Amino acid sequence: MKVAIMYAPMPQSLEQSARALGRALEENGHRVEYLPMGKNDRPRSMKTYDFFYLGSVAEGVFGSKIPAAVAEYLKQLRGVEGTKSAAFLMKSALGLGNAKGLRRLMGVLESAGAMVMDFQLIGGQADC
């Protein structure tokens, strides 16, 4: 299966977690392509992937907001509609709004037309 892992390149811990997830997928025979947000010159078509992961950090005092850049990035992609996906959110320091932040991240995926198959709150590489 061909899998894309999209993530915000900052903080570095999110990128490390995305890479750990990718290694685990590769060990199970999947082909993985990493797509750090903001580093692409042109919008991509998601139709070339069987599955994609979207990773983000939570913002705000309670960690329940998703960066606007995440939704903007998804709007630029083509072929998201009907694609199977999963969301992973880096836990915020206080952790009070982590569940709400994860629901919002899943909502961003669903509003773009993706089918959310799984979701996870992560604290670091060990959670992947």
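The values are calculated or read from the model by the stated rules, or taken from the named source; none is laboratory data. Computed from a prediction, not measured in an experiment: that's the story for all the values here. A quick note on method: Cβ atoms are made from the backbone with ideal geometry, for glycine too, and the neighbour counts reach across all protein chains shown. Accessible surface areas use protein heavy atoms only, side chains included; no ligands, DNA or RNA. Shrake-Rupley method; radii C 1.70, N 1.55, O 1.52, S 1.80 Å.
Per the listing ARG44, ARG31, ARG104, the residue uniquely modelled with pLDDT of 90 or more, among the basic types (Lys, Arg) and surrounded by 15 or more Cβ atoms within 10 Å (Cβ to Cβ) is ARG104. Tell me whether the range 69-76 contains one or more residues that are surrounded by 12 or more Cβ atoms within 10 Å (Cβ to Cβ) and over 21 Å from GLY107 (Cβ atoms). Checked against the condition, which is being surrounded by 12 or more Cβ atoms within 10 Å (Cβ to Cβ) and over 21 Å from GLY107 (Cβ atoms), the range 69-76 yields no hits at all. Scan GLY22, GLY82 and give me the residue that is open to solvent by 30 Å² or more (accessible area, probe 1.4 Å), at pLDDT 90 or above and either within 23 Å of SER111 (Cα to Cα) or part of a helix (DSSP H, G or I) (or both). Of the residues listed, the single one that is open to solvent by 30 Å² or more (accessible area, probe 1.4 Å), at pLDDT 90 or above and either within 23 Å of SER111 (Cα to Cα) or part of a helix (DSSP H, G or I) (or both) is GLY82.
Please go through the range 1-19 and give me each residue that is among the polar types (S, T, N, Q) and either surrounded by 21 or more Cβ atoms within 10 Å (Cβ to Cβ) or at pLDDT 95 or above (or both), ordered by number.
SER17
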